[in-house]
Amino acid sequence: MNILVTGASGFVGRYLCKHLDQAGHHVIAVARPGSLPIEGAKVEKIASNFDDFNFVEDVLPGCDVVIHLAGRAHILKDTSEDPLNEFRRVNVEITEKLMLKAAKCGVRRFIFISSIGVNGNRNSGHPFTENDVENPHDLYAISKIEAEQAVRKIAEQSGMEYIIIRPVLIYGPNAPGNFGLLLKLAFKRLPLPFLYLSAKRSLLSVWNLVDFLTVCVNYKNVIRETFLIADEQTTDLAEIFRNLGEGMGKKQIIFPFPTKILIAICSLFHKKHLYDKLNSELVVDVNKAKNMLNWNPPYSTPEALIKTGKEYIWTE
C-alpha cells in the first residue's frame with residue numbers, strides 16, 4: 001500500500017517509516033526541512049513547510065492511507081502569547097486541512113494520533129476505556145479532543161474511514177520529554193527516593209505502537225473507530241528504573257522515603273504537580289484493540305524497558 005506519514009522525522013515517525021517499509025509498504029514521508037535521512041524508509045517527498053498545503057496535491061493522489069503523527073506536543077516552557085490558540089492552529093486546523101485534502105484525493109483511511117489526555121490525567125477507580133466520558137485537563141488535550149471531533153465530522157461528510165488512537169506515554173531509547181529525563185536519571189545511576197511511589201501506570205513502547213499502526217493499516221474491513229493503546233502490563237516508577245537499569249547494566253539505587261516529606265519538599269519548590277504526576281494512577285484497558293483488530297503487543301513492558309536501556313545512547 002501507499003502510505004503517507006506526517007511527522008516522519010520525529011521519534012515515532014522514524015520507527016514507523018522503517019517498520020512499514022520492512023512490511024512491504026511504500027512510504028511517503030512528510031517531514032520538516034533538514035530532517036533527512038529517515039533511515040529505512042522509501043522517502044519520496046519532504047514538505048518545505050507543513051503549514052503550506054500545496055505539496056499534498058502532489059503526494060496524496062494514489063495514497064491508500066494517511067497516518068497523521070505531526071502536531072504540537074506538550075511544551076515545558078511555552079512562550080506563545082496564546083498557547084491554546086497555537087495548539088488549535090497546529091493540532092486542529094492542520095488536521096482538518098490535511099483530512100479534507102485526503103478525502104478530496106480519494107484516500108481511503110485516515111489514522112490520527114491523539115492522546116490519552118483526552119480521557120483525563122488519572123484514573124477514578126477503574127482503567128480508562130473507549131466508553132469513558134472525555135475529561136481533558138490541559139490545553140494540549142483540549143486541542144486533541146477538538147481534532148478528534150473534526151476527524152469524525154469530516155469522515156461522516158466524506159465517507160472516509162478513520163482510526164483515532166489515544167496512546168499513553170510512549171517510550172523508547174531516544175524518547176523525548178519526560179521519559180527522556182527518566183532515561184538520563186537511570187543512566188547517571190543517582191539514588192532515587194521512589195520506592196514508596198507505587199501508583200500503577202500504563203506505558204507504550206514505540207515498538208508496540210508501530211506494530212499496532214501497521215495492524216491498522218492492514219485491517220481489511222471498513223472501520224471508523226477509536227482505540228486506547230498501551231502495553232498489556234502495568235508498571236510503577238521503581239520498576240521502570242529497575243528495568244532500564246538492567247538494560248543499561250547499571251543497578252539502580254531506589255530507596256524508601258516518607259511520602260509526606262517528599263510532598264513537602266516538592267511543595268516548597270513549587271513542584272507538587274511533579275509529585276502528583278509521578279504518583280497518579282493512569283491505567284488503560286486495551287481489550288478493544290486486542291479483540292476487534294486481533295492485536296497482540298509483541299513486547300511486554302519489562303522486555304521493552306530493558307530493550308530501551310540497552311539501546312539508549314547518552315547525549316548531553
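The values are calculated or read from the model by the stated rules, or taken from the named source; none is laboratory data. Since the model is a prediction, treat every value here as computed from it, not as a measurement. Counting neighbours? That spans all protein chains shown, and the Cβs are built from the backbone with ideal geometry, glycine included. The protein model used for the area step is the full one, side chains on, heavy atoms only, and it has no ligands, DNA or RNA in it. Shrake-Rupley method; radii C 1.70, N 1.55, O 1.52, S 1.80 Å.
Listing for the model above:
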{"item": "Hits in segment 241-268 (condition: under 12 Å from K307 (Cα atoms) and assigned to a helix (DSSP H, G or I))", "result": "N243, L244, G245, E246, G247, M248"}
{"item": "Near pairs, Cβ below 7 angstrom, 6+ apart or cross-chain, from segment 291-316 (in contact (Cβ under 8 Å) with a residue 24 or more places away in the chain and among the β-branched types (V, I, T)) to any residue that is part of a helix (DSSP H, G or I) and open to solvent by 20 Å² or more (accessible area, probe 1.4 Å)", "result": "I306/E246"}
{"item": "Selection count, segment 200-239, where residues are touching a residue at least 40 places away in the same chain (Cβ under 8 Å), of a type in the set (D, E) and open to solvent by 10 Å² or more (accessible area, probe 1.4 Å)", "result": "4"}
{"item": "S124 vs. criteria part of a helix (DSSP H, G or I) and hydroxyl-bearing (S, T, Y)", "result": "no"}
{"item": "Number of the condition not met by P136 [criteria: (1) of a type outside the set (G, A, S); (2) in contact (Cβ under 8 Å) with a residue 60 or more places away in the chain; (3) open to solvent by 30 Å² or more (accessible area, probe 1.4 Å)]", "result": "(2)"}
{"item": "Residues of segment 91-101 classified as out of contact with any helix residue (DSSP H, G or I) (no Cβ under 8 Å at 6 or more places or on another chain) and either crowded, with 20+ Cβ neighbours inside 10 Å or within 28 Å of L282 (Cα to Cα) (or both), total", "result": "1"}
{"item": "Condition check for E130: out of contact with any helix residue (DSSP H, G or I) (no Cβ under 7 Å at 6 or more places or on another chain) and open to solvent by 10 Å² or more (accessible area, probe 1.4 Å)", "result": "no"}
{"item": "Scope segment 277-311; condition open to solvent by less than 80 Å² (accessible area, probe 1.4 Å), at pLDDT 95 or above and part of a loop (DSSP other than H, G, I, E, B); matching residues", "result": "V283, D285, V286, L293, W295, P297, P298, Y299, S300"}
{"item": "Checklist (1) open to solvent by less than 70 Å² (accessible area, probe 1.4 Å); (2) farther than 29 Å from G245 by Cβ; (3) not in a loop (DSSP other than H, G, I, E, B) applied to F179, failing item", "result": "(2)"}
{"item": "Residues located in segment 127-147, provided they are in a helix (DSSP H, G or I), of a type in the set (D, E, K, R) and more than 15 Å from the chain's Cα centre (by Cα)", "result": "E146"}
{"item": "Any chance L197 is surrounded by 16 or more Cβ atoms within 10 Å (Cβ to Cβ), assigned to a loop (DSSP other than H, G, I, E, B) and among the hydrophobic types (A, V, I, L, M, F, W, C)", "result": "yes"}
{"item": "Matching option when the condition is open to solvent by less than 60 Å² (accessible area, probe 1.4 Å), at pLDDT 95 or above, within 23 Å of N287 (Cα to Cα) and among the aliphatic types (A, V, I, L, M), among I154, I116", "result": "I116"}
